[in-house]
Structures are given as C-alpha cells and as structure tokens.
Amino acid sequence: MLLFVTNLLTGVVVARSLGPTMLGVWMILSLLPAYAESFGRLKADVASVYFIGQKTFRREDILFNLNVIALVSSILVVGIVFWQFELMYEWLFVNEIADYRAELSALSIQIPLNFLYLNYSYFHLANENINTYNRMLVIYALVNSTIAIILLLFTTLGLWSVIIASLLSLLLALLYGWKSIDRESWKQGHLDRKVSFALIKYSLHIYFSGILGQLRQSGTNLIALSYLLSSQIAFLGQGQGVGRILFKMSNAINDVLYPRISKTGSSVINITCKSFRISSILLLCGGLILAIAAEVLIIFLYGEPFRPTIEVVYYLLPGLVVIGASSSLISFFNGTGRAKLIPRVQILPILIQILLAFQLIELWGLVGAVLSITVGMILYGINLIIVFIKITKIPANQLLPNFDDFHYLMMFAFNSFKTIFGRGKKV
C-alpha cells in the first residue's frame, strides 16, 4: 500500500512537472538500465535463493561470489555502453532533436548500483528476512519519491531531478541491505569457482528468461520508437506503469513464495495452487476497480493532456490480470529446479507479440502497440498454466478460486486490520 501511494504521488508530480514530451524522454532514457539489467545481469542473485534454500553452499560464500559476479558483469556492461554509446543514443533518440547524452551517461551509474542492490535484496529474501527486504523496498521508494518531488517542485533541474533521485535511492537502499545482514555467526566469505559456476549455471535459464521477459515487457516500446512521438511513448509507458500497480498484490505473494518453495517438500503444488487462486481473486477485483476508476483517476491526477493513457490502461488490463495471476507459477518452476522451462514457455508468445507490434503499430499507432503487448501477456500466462498443469498432473479446477479462498482473504484482511490498529492479535 505504501509503495502504491508513493509511486502514484511521484508519477503525478513527474508527469505534471515534465509534461508528456519530457516524460516520454525519461521513459526512453530508462530503457538503458532496463536492458542493461536484462542482458548484463546474469540473474545469479535469483539463483542464489534456490541454493540458500537447499543449503548447498555457505551463505557467506554465496553472497561474496554474488558480489564478484555483479561487479564484473556491471563493469563489462558499462564498458560496452560507452564503447557503443553513439550507436545506442541514435537508436533511442532517433526522433529527438534535443541532446540528452549527458543524462544517458549519468544513468549508466545506476547499472552497478542496481546489480548490487538486487544481490542484497534476494539474499535477505532467501533467508526469509522479510522485514529487511521490505525496508529496502520502502527506503528505495520513499527516498526516490521524496528527492524527485522536492527537486521537481523547488528547483529548475527538470529531468535531472528524476535521475538524481533514482541514483540516491538505490545507493541508500543498498547500504541498508548491506548493514542489515545478521553477522552474529557470520564467517568470512571466499571466492570459490565451484560456488560461482553453480550460481551462473543455474542462473542461465533465469537469465534467458529475463531477456525474453524484458522483450515481452518493453520490446514493443523499442519498436515504437521508430513510429511514435515521445509524447505517445509517454502515454504507453505511463499506461503500463499505472496498470502494473496491480502487480503490487501478486508480487507481494511471489516474493515470499519463491524462497518458501525452495525449502518446502511435497506440499509445493498445493501452496502454488493456493497462491495462484488468491492472486487471481486480488487481480480480478483490482482490475475491475481500476477499469471503473481509470478515467477519473488519470484525468484528476495527471491532467487532460494525459487522456490517451486511459485507453492504454483499458487495453492492457486483460493481459495484466492474466500475467499477474500466472506469475506465481514462475516461482514454482524456479523453486523446484525447473527454471529451464520458463524461456521455452516464453518464446512463442514473444515472437507473436513482436510480429504483431510491427504490423499493428504501423496500422493503428499507439493502440496497435498496446494490443500487441496485451496479446503477448495473455499467451504467456496461458502457456504457463498449461505447462504447470501438465507437469503436476493436477485437475485444472484446482486453479479455480473457491469459497475457502474468499474466506481466507476476508479473514486475512480482518486480522491484519486488527493488528494494524492494535485491537487484537493476528491469527
């Protein structure tokens, strides 16, 4: 809820301060760290959750090797960025006259910070230090929002306000994650080829899945750079951002689900099915509320210039609900040593999405871009469900929400309400 409020407030201030065109420029700039993470980050941090859960190696050695992998890979990525800087810049800003080279260069600093931040996030998550993991998220969100809003409202830095905020928030969250490690029984970690190779070998499946996932998420946006104006890129990105608010619910479940599955035995299928059903209920309800409130919400918060974002949100909602609910199945595959299946499940939906993007953007512009993204999300979600059912050999109705799931959610909300307001103890 806190992340929802801070993201929403920051988005409002950024959109109203920068306007559609400059907001579009910021979203184009953001593609650099996004694709640097997808292609340069090996996802060893994600793989570490599995190895820590299985207690294959010492946690100290895992963290030390994770940091070495992150530093080496991030230095390589930054080196490639500056080596091919002009080529990347011309591709990203093909339709822009103004010069944003300085801003793009500054954002490259975010790459190593983000790699290390994610190391500590997943490390705490793997050890089920949920409070620390949550605090890292909150520090990142609050610092990012606070600095961005202050600089936008009280200085003339403009786009630099958002860049400075993103860098400082990552740095402070990273420092908190490092400082919060329980060192009571901590031993010195060592560089170990066996640990590094095991992490990298298992992470390769997650790595390829991450690349495909990034293509699914923003591949259409890259194609759209050649066809759409910066303001239209802003509407597309803003609609995706508003729609992804729904993921706050399913992500909260998945963050805990992955390490739990890595440590749990025969009950993993039941846990995964229940998570899928709960996520489905939350996302369907949240999607319905967002569909009803989208027009009023966007016009009230962002202003009339952002009206095209409403249509983007409407078209995205079916895909967001399907992919959000089925994301719990990804935790099952990763947590049970089946990470190699995810890239295979993704390939066909992404190919269809990219092919559709070339055709539909040329025909219908912004709407065509959104439709291709939605089709890709729905196909990917359906594929995940089919593969999960085939592997586990469960009846399909085990994934359908039932009365017990609604009752569970109601009791959870009631107990949480009592706990927050100090009127009882959580059951």
**Study point:** LYS43 vs. criteria crowded, with 18+ Cβ neighbours inside 10 Å and closer than 19 Å to ALA126 by Cβ
**Key:** yes
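PRO318 - would you say it is closer than 23 Å to ASN221 by Cα, crowded, with 19+ Cβ neighbours inside 10 Å, under 20 Å from the mean Cα position of the chain (by Cα) and not polar (S, T, N, Q)?
When the stated conditions are applied, PRO318 does not pass them.
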Review point. Is it the case that region 345-361 has a residue that's out of contact with any strand residue (DSSP E or B) (no Cβ under 7 Å at 6 or more places or on another chain), of a type in the set (A, V, I, L, M, F, W, C), buried (at least 18 other Cβ atoms within 10 Å of the Cβ) and at pLDDT below 90?
Key: no
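So if I check each of CYS285, CYS273, which one is of a type outside the set (D, E, K, R), within 25 Å of ILE330 (Cα to Cα) and surrounded by fewer than 18 Cβ atoms within 10 Å (Cβ to Cβ)?
CYS285
For every residue, the table says whether it meets (1) assigned to a loop (DSSP other than H, G, I, E, B); (2) within 30 Å of TYR35 (Cα to Cα); (3) out of contact with any strand residue (DSSP E or B) (no Cβ under 6 Å at 6 or more places or on another chain); (4) modelled with pLDDT under 85.
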{"residue": "SER226", "(1), (2), (3), (4)": "yes, yes, yes, yes"}
{"residue": "SER231", "(1), (2), (3), (4)": "no, yes, yes, yes"}
{"residue": "GLN240", "(1), (2), (3), (4)": "no, yes, yes, no"}
{"residue": "ARG244", "(1), (2), (3), (4)": "no, yes, yes, yes"}
{"residue": "ILE269", "(1), (2), (3), (4)": "no, no, yes, no"}
{"residue": "CYS273", "(1), (2), (3), (4)": "no, no, yes, no"}
{"residue": "SER280", "(1), (2), (3), (4)": "no, yes, yes, no"}
{"residue": "ILE292", "(1), (2), (3), (4)": "no, no, yes, no"}
Point to revise | Answer from PHE247, PHE235 - the residue that is out of contact with any Ser or Thr (no Cβ under 6 Å at 6 or more places or on another chain), of a type in the set (A, V, I, L, M, F, W, C) and either crowded, with 16+ Cβ neighbours inside 10 Å or under 30 Å from ILE289 (Cβ atoms) (or both) | key: PHE247
Study note, to complete from the structure: The correct count of residues that are at pLDDT 85 or above and polar (S, T, N, Q) in region 1-33 is 2
Review point. Would region 391-404 turn up any residue that is within 30 Å of ALA198 (Cα to Cα), touching a His at 6+ places or on another chain (Cβ under 7 Å), part of a helix (DSSP H, G or I) and not small (Gly, Ala, Ser)?
Key: no
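The values are calculated or read from the model by the stated rules, or taken from the named source; none is laboratory data. Computed from a predicted model, the values in this text were never measured in an experiment. Neighbour counts run over all protein chains shown; Cβ positions are idealised from the backbone, glycine included.
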